[in-house]
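Student: Below are the structure tokens for one structure; questions will follow.
The values are calculated or read from the model by the stated rules, or taken from the named source; none is laboratory data. All values derive from a computational prediction rather than experimental measurement. Positions of Cβ are backbone-derived with ideal geometry, glycine not excepted, and every protein chain shown enters the neighbour counts. The protein model used for the area step is the full one, side chains on, heavy atoms only, and it has no ligands, DNA or RNA in it. Shrake-Rupley method; radii C 1.70, N 1.55, O 1.52, S 1.80 Å.
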Amino acid sequence: MFQTCVCADGPAQGSLSGPQRDPPGPHPFPKPELAMTQSLTLISSENWQEKMEGLTVLRSLAQNHVDTLLPRLRDVCLALVQEVKNLRSGVSRVAVCTLGVLYRHLERAMDKEVETTARALLHKAAESNAFIREEVDAALGHMVRHCTPARCINAFLDGGLRGLADVSLSPSVVYFGGLCLFVCVLHVEPVCVCSHLSAAVRKCAAQHLADLLERVGVARLLSGGKDVTDRILPAVVKLALDSSPEPRSFGRRMLLFLSSHRDFDSLLEKNIPTKDLSAARKAVSGLKAKGQGQGLGETPQTPASLPGSGTARASTLQRKLPKPTIAPSPTTTTTATPTNTATTTPREPNSKYSSKPQGPIMEDKPEYIRQLTALLESKDFRERIKGLDQLVADCQHNPSMVIRSLFPVFDLFRDRLLESNRKVNLYALEALQGMVRLLKDNLSGVLNHLVPAIVDNHLNSKNHAVYSAATGALCELVLNLDNSLLLEPFCFKARVLSGQAKVDLIEKVAELVMELYPRRPQLVEQKALPLLWGLLGPSSGSVHRATTSLCRALHHQMGPGLRQSAASQPPSVGRDLNQLLRTMS
């Protein structure tokens with residue numbers, strides 16, 4: 001298992017669940033080639049947790065071992081495209097994040113894979129899950145910023161299939177063994193993504209295409225190669241005339257942007273079909289008359305929410321919100337703005353967190369994430385600690401914003417749990433205890449990321465303060481969340497970890513068994529019994545004591561049913577179980 005790939009810091013850093021973002025924090029692997037091979041093996045596994053481990057390793061490889069990753073890049077991208085399509089939303093989302101990390105760190109080395117990966121991401125933009133749509137948007141943003149613009153433009157233009165409208169059957173005659181056979185050949189023609197059936201996909205493509213046009217500039221777009229001009233103008237006009245308001249808004253702004261070219265009228269007449277030409281000219285003249293030449297980077301009016309999304313979106317065209325700043329830390333003398341690099345004095349890690357609200361309540365979600373990112377990813381550890389202070393205060397005074405931004409916020413927070421600075425680790429673990437008490441079951445969506453970040457790196461720590469804070473965080477999770485959500489990640493980590501972390505997790509599982517079995521017996525038997533079967537047999541003193549506690553809890557709840565369940569296992573399991581039960585009596 002991956003726990004054998006330890007970092008230079010010792011056993012506490014043995015997991016390959018590395019951070020997803022830039023340093024501070026990511027640890028290189030001592031044997032990157034082995035990690036590369038094992039990551040692909042894990043991704044191909046049927047076990048979704050192993051897939052998540054493999055995806056995490058790939059992100060760390062992209063940050064630390066680009067030379068190792070590049071020779072296998074094609075295989076990696078094909079594997080990621082398959083996982084983007086995974087029906088389990090958690091795996092799909094992490095695969096999307098991983099593609100974003102590859103774009104960000106490999107940059108133009110990803111050019112050859114842009115078309116394949118962008119197509120998979122664009123199709124995922126039609127998801128009803130708002131968190132996945134946000135990650136798709138972020139990954140495509142990294143692609144636009146770090147890959148060759150021409151490649152990205154082609155990827156957006158070729159990024160979809162129109163659907164059934166572009167499926168045709170062509171009759172053909174085939175002679176076989178003296179027989180004349182009529183067969184139909186299926187043709188599926190790739191077309192511009194602006195013709196995709198999903199308005200969400202068209203909107204996503206239009207938004208990022210607008211960013212690309214702004215980067216490349218009108219002169220290069222319409223005075224460059226004929227293939228670009230011939231394709232970009234029809235696509236923009238089609239978006240400008242789209243039936244859906246969101247892609248139409250981006251399309252019209254792109255059309256207005258391109259109209260500043262001196263030869264725009266002649267190019268429009270040359271490249272646009274006659275049936276659309278009049279409407280396109282009318283749209284341009286109308287936009288110029290209304291003065292809607294706003295920047296391409298602004299967001300068009302969007303509906304308040306999408307069905308099933310679970311999040312609401314403010315319309316930036318209905319009202320212009322002021323740009324609030326992240327509130328200052330309650331323990332510092334400087335304001336916590338992203339650009340502030342003044343020296344501050346953080347409080348002691350063991351001090352109580354201030355619950356006093358700081359500054360105006362943030363309403364703009366993208367701005368909130370941007371400013372919190374600037375703090376939590378600062379190169380100065382004191383700024384990162386200020387960001388943790390801010391996050392705890394927001395959990396109390398602006399919890400709706402934290403919940404709406406749950407996945408990006410806790411991606412940032414997890415990186416602070418995983419980084420190499422022990423002061424920040426300790427501070428984050430202590431902050432987590434307060435956040436769990438405030439957010440409770442709202443954290444259920446990020447448990448599969450939080451639990452590994454706590455147990456892989458800190459339950460085996462030789463630093464007593466860090467270890468105590470980690471066990472305290474686990475206790476808060478058990479006290480404040482539905483324990484049925486914790487059983488599976490605890491059992492999985494108890495199987496694969498070693499040392500004190502293994503002992504602590506087995507004992508936690510024993511506690512969960514006593515609480516859960518009366519109301520969820522099938523879940524307990526499904527998750528806890530395989531853990532017990534794997535623990536039976538010779539083991540060290542502390543692991544044996546923890547195994548005895550787990551066996552006692554299961555026997556107390558199941559009675560004779562425990563032996564009956566062992567009867568379906570290999571004979572050694574039943575023999576070891578009977579021996580353990582005899583020692584308990």
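Student: In segment 512-539, which residues are within 20 Å of Asn448 (Cβ to Cβ) and touching a residue at least 12 places away in the same chain (Cβ under 8 Å)? Walk me through it before giving the result.
Tutor: Applying the first criterion (within 20 Å of Asn448 (Cβ to Cβ)) to segment 512-539 yields 512, 516, 520, 523-524, 526-528, 530-531.
Residues satisfying the conditions are Leu512, Leu516, Arg520, Leu523, Val524, Lys527, Ala528, Pro530, Leu531.
Student: Please tell me if Lys527 is touching a Cys at 6+ places or on another chain (Cβ under 9 Å), at negative phi and open to solvent by 30 Å² or more (accessible area, probe 1.4 Å). Walk me through it before giving the result.
Tutor: Working: touching a Cys at 6+ places or on another chain (Cβ under 9 Å): yes; at negative phi: yes; open to solvent by 30 Å² or more (accessible area, probe 1.4 Å): yes.
So Lys527 fits the description; yes.
Student: For segment 228-286, what are the residues that are of a type in the set (Val, Ile, Thr), touching a Leu at 6+ places or on another chain (Cβ under 9 Å) and either over 21 Å from Leu197 (Cα atoms) or surrounded by fewer than 21 Cβ atoms within 10 Å (Cβ to Cβ) (or both)?
Tutor: Val228, Thr229, Ile272, Val284
Student: Right, here's the next one. I'm trying to understand the selection: among the residues of segment 533-547, which are open to solvent by 70 Å² or more (accessible area, probe 1.4 Å) and either of a type in the set (Val, Ile, Thr) or modelled with pLDDT of 90 or more (or both)?
Tutor: His544, Arg545
Student: Out of all the residues in segment 466-477, is one or more modelled with pLDDT under 90 and of a type in the set (A, V, I, L, M)?
Tutor: no
Student: In addition: When you look at Cys97, is it more than 22 Å from His449 (Cα to Cα), open to solvent by less than 50 Å² (accessible area, probe 1.4 Å) and of a type in the set (A, V, I, L, M, F, W, C), yes or no?
Tutor: For Cys97, the condition - more than 22 Å from His449 (Cα to Cα), open to solvent by less than 50 Å² (accessible area, probe 1.4 Å) and of a type in the set (A, V, I, L, M, F, W, C) - is not met.
Student: Looking at (1) at negative phi; (2) assigned to a helix (DSSP H, G or I), which is the only condition Lys440 fails?
Tutor: (1)
Student: Can you find a residue that is of a type in the set (D, E, K, R) and assigned to a helix (DSSP H, G or I) anywhere in segment 459-475?
Tutor: No, that holds for no residue.
Matching residues to (1) charged (D, E, K, R); (2) over 30 Å from Asp415 (Cβ atoms); (3) open to solvent by 20 Å² or more (accessible area, probe 1.4 Å); (4) more than 25 Å from the chain's Cα centre (by Cα):
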residue: His464; (1), (2), (3), (4): no, no, yes, yes
residue: Cys475; (1), (2), (3), (4): no, no, yes, yes
residue: Leu523; (1), (2), (3), (4): no, yes, yes, yes
residue: Leu531; (1), (2), (3), (4): no, no, no, yes
residue: Ser549; (1), (2), (3), (4): no, yes, yes, yes
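Student: Kindly provide the set of residues from segment 362-372 that are at pLDDT below 90 and in contact with a helix residue (DSSP H, G or I) (Cβ under 7 Å, 6 or more places away or on another chain), ordered by number.
Tutor: Met362, Lys365, Tyr368, Ile369
Student: When both residues are 6+ apart or on different chains and their Cβ atoms are under 9 Å apart, which pairs have a first residue that lies in segment 461-479 and is more than 24 Å from Met514 (Cβ to Cβ), and a second that is among the aromatic types (Phe, Trp, Tyr) and open to solvent by 20 Å² or more (accessible area, probe 1.4 Å)?
Tutor: Correct list of pairs: Ser461/Tyr467.
Student: Here is a follow-up. If we scan segment 494-502, do we find a residue that is touching a His at 6+ places or on another chain (Cβ under 9 Å), among the small types (Gly, Ala, Ser) and open to solvent by less than 10 Å² (accessible area, probe 1.4 Å)?
Tutor: Looking for residues that are touching a His at 6+ places or on another chain (Cβ under 9 Å), among the small types (Gly, Ala, Ser) and open to solvent by less than 10 Å² (accessible area, probe 1.4 Å), one finds at least one in segment 494-502, hence yes.
Student: Pairs please, first residue from segment 565-578 and modelled with pLDDT of 90 or more, second anywhere and of a type in the set (Val, Ile, Thr), Cβ atoms under 6 Å, 6+ apart in sequence or on different chains.
Tutor: Ala566/Val573
Student: Right, next: Name the one entry in Leu487, Leu438 that is open to solvent by less than 40 Å² (accessible area, probe 1.4 Å), over 26 Å from Arg59 (Cα atoms), at pLDDT 90 or above and in contact with a helix residue (DSSP H, G or I) (Cβ under 7 Å, 6 or more places away or on another chain).
Tutor: Leu487
Student: Same structure, new question: Please determine whether any residue of segment 85-102 is at pLDDT 90 or above, more than 27 Å from Ser444 (Cβ to Cβ) and in a helix (DSSP H, G or I).
Tutor: Yes - at least one qualifying residue is present in segment 85-102.
Student: Also, quick follow-up: Which of (1) in contact with a helix residue (DSSP H, G or I) (Cβ under 9 Å, 6 or more places away or on another chain); (2) part of a helix (DSSP H, G or I) does Pro518 not meet, given it meets every other one?
Tutor: For Pro518, the exception is condition (2).
Student: Considering segment 15-46 alone, what residues qualify as being acidic (Asp, Glu) and either at pLDDT below 80 or surrounded by 22 or more Cβ atoms within 10 Å (Cβ to Cβ) (or both)?
Tutor: Scanning segment 15-46 gives a single hit, Asp22.
Student: Still on this structure: Name the helices (runs of 4 or more DSSP H) wholly within segment 109-162 that hold at least 1 residues that are within 16 Å of the chain's Cα centre (by Cα), of a type in the set (Lys, Arg) and buried (at least 18 other Cβ atoms within 10 Å of the Cβ)?
Tutor: It comes to 114-124, 130-146.
Student: Do you know which of the residues in segment 389-435 that are open to solvent by 10 Å² or more (accessible area, probe 1.4 Å) and outside any helix (DSSP H, G or I) is modelled with the lowest pLDDT?
Tutor: Among those that are open to solvent by 10 Å² or more (accessible area, probe 1.4 Å) and outside any helix (DSSP H, G or I), it is Ser420.
Student: Identify the single condition in (1) at pLDDT 90 or above; (2) surrounded by fewer than 17 Cβ atoms within 10 Å (Cβ to Cβ); (3) closer than 19 Å to Asp456 by Cβ that Leu61 does not satisfy, given that it satisfies every other one.
Tutor: Going through (1) at pLDDT 90 or above; (2) surrounded by fewer than 17 Cβ atoms within 10 Å (Cβ to Cβ); (3) closer than 19 Å to Asp456 by Cβ one by one, Leu61 breaks only (2).
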